[in-house]
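Comments concern the structure below.
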Amino acid sequence: MSAPALEVRGLEYAYPDGTQVLRGADFHIHPGERVALLGPNGAGKTTLVLHLNGILTPDGGDVTVAGLAVQPRTVKEIRRRVGIVFQDPDDQLFMTTVRQDVAFGPANYGVTGEELDRRVMGALTAVGMAGVVDRPPHHLSLGERRRVAVATVLAMNPEILVLDEPSSNMDPASRRELADVLAGLEITLLMITHDLPYALELCPRAMIMNHGRIVADGPTAALLGDRELMSANRLELPLGFDPSLARPERLPAP
Amino acid sequence: MSAGHAHALYVHGDSRVHALPAHVKLVALLIVIVAVVATPRERVGVFAAHAVVIIAAAACAHLSPRFIGGRLLIGAPFLAFAVLLPFVGGGDRVVVGALSLSVGGLWGAWSVLVKGTLALAASVVVTATTPVPALLTGLGRLRVPVVITEIAGFMVRYLEVIAGEMHRAKVAMAARGYQPRWAWQGTALATSAGALFIRSHERGERVYDAMLSRGYQGRLPQLGATAATRADWARALALPLCAAAAAALAVIG
Amino acid sequence: MHIPDGFINLATSAGAGVTAAGGLGAVLHRVRTTLSERQIPLAGLAAAFIFVVQMLNFPVAAGTSGHLLGGALVAILLGPWVGAIVISVVLLLQALLFADGGISALGLNVVNMALIGVFVAWLVFRLLTALLPKTGAVLVGAAAVASWVSVVAASGGFVLEYAWGGTGNAPVSTVFAAMVGVHALIGIGEGLITASVLAAVLAVRPDLVYGARLLGVRRAVAVRADRRATATFVLAGIAAALLLVVVVAPHASSAPDGLERVASDHGFAWTGQASAAAGSPLAHYSVAGVPDAGVGTILAGAIGLVLTFAVGALVLHISARRGASRSTDDAVHR
């Protein structure tokens, strides 16, 4: 087996006010895997994500991305390799046009001219948003903004894509369109979500996080079928949804 | 007074005015406004000439007179106080019906109205033909400090987001029967403005995290500034220079 | 307060433009070391916040409403340096995009609202907090007073510019009475709102308030509205407004009239006609038919104050209604 795309060992972190959020989180993800990260509010999922590219510095433990440890010296390269799509696309799309926003990442890494245009159009085409390239982001719908937010990260050619609650607040059609986009990407994926059917559909593997630790890790259908585990971690399936009967239409890439 | 709104200022089009680089249009606008403001108020004919210049520019930009007129109405309240001038002005007076008006005050009102209106019409032509992001890069090309244009960019981007948050807070308060009429009832509104500041700040921090995540090193990459050719300058400045010449003749003559 | 194009002559506008550029240049130079990369997005969000708060109409009295200028608020929240930059950016975009304030008058508006408005507020705030104990209540009270002074000072800046290069033909003393008088009343609302906004932030995130950090107020503090202090502030503001209109305004004419003469002597002839002569009912603040000059002046001042306030209230009322209907339009548009 190849080196993990992402390896997290014994991660610990407390906020400046003393709240301990991460208490020894441990896991690794192999190249090409698609993994869902589940867990109740306050479990530390978003805090964990901010460690994956060195925005936050852990009090203990370490993060390695494709063999490269996250350190102040490596942080620039790490941020190219780990593409994070934040929960609120309005936080992610901060420039005045979609084009400028998608170009922001690659331009920070010295990409210019025609190559930059190619990256921008390539990333927008991958998410089906090439038509809005010159629009201001705040004139797009939430679903469109989410897809453009994914494009801003894809334009950097990352090795692993991390999404923080990609399907929240979206109408069913937008949710489906985004699923189509994500399913079509050939990339390592880590997806935080409360949307359990979404996790089952897109990710063969899932982890459950609670109290700052990974408390379960296994095939998504198996975790979702374990009632005790689910209720111990404040997770609930939608009424009438049976994971053993659900047949994900898209069997994810091996 | 301020009643700014994030209305759709830009009117999509493919006219020659639309195609000009933003910084060239900004320079042209400044020339027209300076010419209008410098024209002595008694030279009514010169103001007519300025109006012709602005109408010609609007026609080149395929903007209808109705559109320009509508936009002028939005600016009209800012000029409303001009109506007071004939009453409070000094000097010779003229009797119109039951009113005794100051001649100087009437000239003053005319001056404020005509100059304010023409300047506004000129700026409408530019803002309707130039997308806001292009205006900002244009300002950057005119050597406005990067700090200013970058802060302006973030402001433009988040204006509607924050206005939306404020609007939702107001709706939520109105839904529970809040309808302030007196100053001391305004504290709830001010408190929600305080909460809005905190939310704006926290959003600023998240935006900064998102920027860092994509390799931000302390400077925004300079993207999308179009260079201007000599022909662009000639095309953009032809009309404004007519206005400037008219104003110069009026001042000398 | 936003001066449109053509209200002040070109020479004065250009002079103000140079002053504004110089002042802002000094401010930018000063913050170059402290305005970290992190603060650029934060300042942009603060500018959007100020713009939105200026759109928000607060009740003044009986269904009329006013809104915040924000000079004191930004000075105390962000510090005077970043605050002046933020207000300047707001003014720039208001002039360029929303026809609020003229483009040739941008320098004048930056001088009045971003430089005078912010730095006068900061000086008053620093002075008061230096003299008084450093508590949350003092901070909020000092902010209210600083807001009032800053609004009045900004309107004073306008009067001075009008005296130099006004094209409106109203006597300077009338303009002084109208602008400074009305703004002495507007300043009361500005002070109350600034104080309430600051109190709301101090109760949750005092660490975000520059003025609080500077004074060492670090813990969240609940500052309750003190009825007596509020009443004192409002009454003092009204008294100061009357004092300015009745006592100071008549004297305001002498010096600026001198400035006008200088201006006309130097060839800016078309602005010179403004020098006030007798004839207008309120000219020089003596009411015809009232023999005693002193009483006449006071009466004229009071009438002027009431009239200008009525007109101001009407304009605010109309713009508030326009604002309300337009924000519903926006909601539909969105």
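The values are calculated or read from the model by the stated rules, or taken from the named source; none is laboratory data. All figures in this text were calculated on a predicted structure; none of them were measured in a lab. Don't worry about glycine lacking a Cβ; one is built from the backbone with ideal geometry, like all the others, and counts go over all protein chains shown.
For this structure, a couple of remarks:
- From the list A:132, A:75, A:82, the one residue that fits, being touching a residue at least 12 places away in the same chain (Cβ under 8 Å), surrounded by fewer than 22 Cβ atoms within 10 Å (Cβ to Cβ), among the hydrophobic types (A, V, I, L, M, F, W, C) and facing chain B (nearest Cβ under 9 Å), is A:75.
- Filtering the stretch A:171-184 to residues that are surrounded by fewer than 18 Cβ atoms within 10 Å (Cβ to Cβ) and either touching a strand residue (DSSP E or B) at 6+ places or on another chain (Cβ under 7 Å) or β-branched (Val, Ile, Thr) (or both) leaves nothing.
- For the residues A:24, A:32, the requirement of being touching a Gly at 6+ places or on another chain (Cβ under 6 Å), closer than 30 Å to residue A:237 by Cβ and in contact (Cβ under 8 Å) with a residue 60 or more places away in the chain singles out A:24.
- Residue list for the stretch C:171-218, filter: β-branched (Val, Ile, Thr) and either more than 10 Å from chain B (Cβ to nearest Cβ) or over 15 Å from residue C:140 (Cα atoms) (or both): C:172, C:174, C:175, C:180, C:182, C:186, C:217
- Which numbered condition residue B:155 misses (of (1) more than 7 Å from every other protein chain (Cβ to nearest Cβ); (2) within 16 Å of the chain's Cα centre (by Cα); (3) not charged (D, E, K, R)): (1)
- The sole residue among B:57, B:49 that is outside any loop (DSSP other than H, G, I, E, B), buried (at least 22 other Cβ atoms within 10 Å of the Cβ), of a type in the set (Gly, Ala, Ser) and at pLDDT 90 or above is B:57.
- Residues that are over 19 Å from residue C:187 (Cβ atoms) and either assigned to a loop (DSSP other than H, G, I, E, B) or charged (D, E, K, R) (or both), drawn from the stretch C:121-144: C:132, C:133, C:134, C:135
- Residue in the stretch A:81-94 that is nearest to residue A:189 (Cα to Cα), counting only those that are part of a helix (DSSP H, G or I) and under 14 Å from the mean Cα position of the chain (by Cα): A:81
- When each of A:70, A:75, A:35, A:49 is tested for being at pLDDT 95 or above and of a type outside the set (Ser, Thr, Tyr), the lone residue that passes is A:35.
- Tallying residues that are touching a residue at least 40 places away in the same chain (Cβ under 8 Å) and outside any loop (DSSP other than H, G, I, E, B) within the stretch C:96-119 yields 14.
- Considering C:132, C:160, C:127, the condition of being surrounded by fewer than 23 Cβ atoms within 10 Å (Cβ to Cβ) and modelled with pLDDT under 90 is satisfied by C:132 alone.
- Scope the stretch B:136-174; condition touching a Ser or Thr at 6+ places or on another chain (Cβ under 6 Å) and assigned to a loop (DSSP other than H, G, I, E, B); matching residues: none
- Positions within the stretch B:179-210 being more than 10 Å from residue C:49 (Cβ to Cβ), at pLDDT 90 or above and aromatic (Phe, Trp, Tyr), in sequence order: B:208
Yes/no matrix, rows are residues, columns are (1) over 21 Å from the mean Cα position of the chain (by Cα); (2) over 20 Å from residue C:2 (Cβ atoms); (3) of a type in the set (Lys, Arg):
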residue: C:113; (1), (2), (3): no, no, no
residue: C:122; (1), (2), (3): no, yes, no
residue: C:165; (1), (2), (3): no, no, no
residue: C:175; (1), (2), (3): no, no, no
residue: C:179; (1), (2), (3): no, no, no
residue: C:183; (1), (2), (3): no, no, no
residue: C:191; (1), (2), (3): no, yes, no
residue: C:197; (1), (2), (3): no, yes, no
residue: C:219; (1), (2), (3): yes, yes, yes
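- Selection within the stretch B:200-253 - β-branched (Val, Ile, Thr) and either more than 23 Å from residue A:156 (Cβ to Cβ) or outside any helix (DSSP H, G or I) (or both): B:226, B:229, B:251, B:252
- Each residue in the stretch A:19-50 was checked for being of a type outside the set (Asp, Glu) and outside any loop (DSSP other than H, G, I, E, B), and 20 of them qualify.
- Long-range neighbours under 7 Å by Cβ, at least six apart or interchain, first residue part of a helix (DSSP H, G or I) within the stretch A:95-118, second basic (Lys, Arg) and surrounded by 21 or more Cβ atoms within 10 Å (Cβ to Cβ): A:104/B:214; A:105/B:214; A:106/A:119; A:108/B:214
- Residue selected from the stretch B:86-102 under the condition at the interface with chain C (Cβ under 7 Å from one of its Cβ atoms) and more than 10 Å from residue C:174 (Cβ to Cβ), by the criterion modelled with the lowest pLDDT: B:91
- Residues that are out of contact with any helix residue (DSSP H, G or I) (no Cβ under 6 Å at 6 or more places or on another chain) and in a helix (DSSP H, G or I) do occur in the stretch A:161-172.
- Verdict on residue B:213 being modelled with pLDDT of 85 or more, among the hydroxyl-bearing types (Ser, Thr, Tyr), within 30 Å of residue B:165 (Cβ to Cβ) and within 26 Å of the chain's Cα centre (by Cα): no
- Yes/no for residue B:123 being more than 30 Å from residue B:220 (Cβ to Cβ), among the polar types (S, T, N, Q) and facing chain C (nearest Cβ under 8 Å): no
- Any hit, the stretch B:84-105, residues being small (Gly, Ala, Ser), assigned to a helix (DSSP H, G or I) and more than 28 Å from residue B:23 (Cβ to Cβ): yes
- Sole exception among (1) within 24 Å of residue C:88 (Cα to Cα); (2) modelled with pLDDT of 90 or more; (3) crowded, with 23+ Cβ neighbours inside 10 Å for residue C:166, by number: (2)
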